[in-house]
Amino acid sequence: VQLQASGGGSVQTGDSLRLSCAASGLSLKLYNAAWFRQVPGREREFLTSIKGSGITTYYVDSVKGRFTISRDNAKNAVYLQMNGLKPEDTAIYYCAARGRAVGLISSAREYKYWGLGTQVTVSS
């Protein structure tokens, strides 16, 4: 099983990026997927998640209205569209997957599969 995150980069404040997470070895439509980010010295932070159906999503307040999670089960991939980026969004971004569950699952410990992460740097 492998999750491969890509699409990170260095951008200016207000710019947009679209992160992709491609899965191999598992059928993502059977899993809930999420995006986290981590800054050195801090805990991994939950950002958003999406159910296998793609209908139900959750966002933390800091990214609500700016970030959008989506999935394409035909391509076995999950995406994170990030608009209005700010310097405080600078971090390594990770995609994760876990078995289906009811409700919001925001703890990193609850996710079984992880990608290696992609760096996002936002300069002012």
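The values are calculated or read from the model by the stated rules, or taken from the named source; none is laboratory data. These figures come from a predicted structure and were not determined experimentally. Here Cβ is always computed from backbone atoms with ideal geometry, including for glycine, and neighbour counts include all displayed protein chains. Note: areas computed on protein heavy atoms with side chains; ligands, DNA, RNA excluded. Shrake-Rupley method; radii C 1.70, N 1.55, O 1.52, S 1.80 Å.
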### Message
Ignoring ligands, DNA and RNA, please state the percent of accessible area on the stretch 10-93 from carbon and sulfur, probe 1.4 Å.
### Response
49 percent
### Query
Which Cα, out of 119, 82, 25, lies furthest along the positive dipole direction of the chain (beta carbon charges, K/R +1, D/E -1)?
25
### Task
State to the nearest 20 debye the size of the charge dipole of the chain about its Cα centre, where the only charges are +1 on K and R beta carbons and -1 on D and E beta carbons.
380 debye
### Message
Name the residue from 41, 94, 54 whose Cα lies farthest towards the positive end of the charge dipole of the chain, charges +1 on Cβ of Lys and Arg and -1 on Cβ of Asp and Glu.
### Response
54
### Query
Hey, how many Å between the Cα centroid of the stretch 42-58 and the Cα centroid of the stretch 1-41?
11 Å
### Rg followed by Dmax, in Å, when the stretch 58-124 is reduced to its Cα trace
13.1, 39
### Summary
Its Cα gyration tensor gives the chain an equivalent ellipsoid whose semi-axes in whole Å, largest first, are 22, 14, 14
### Query
How many lysine pairs are close in the stretch 16-124, with Cα atoms under 22 Å apart and the two 8 or more places apart or on different chains?
8
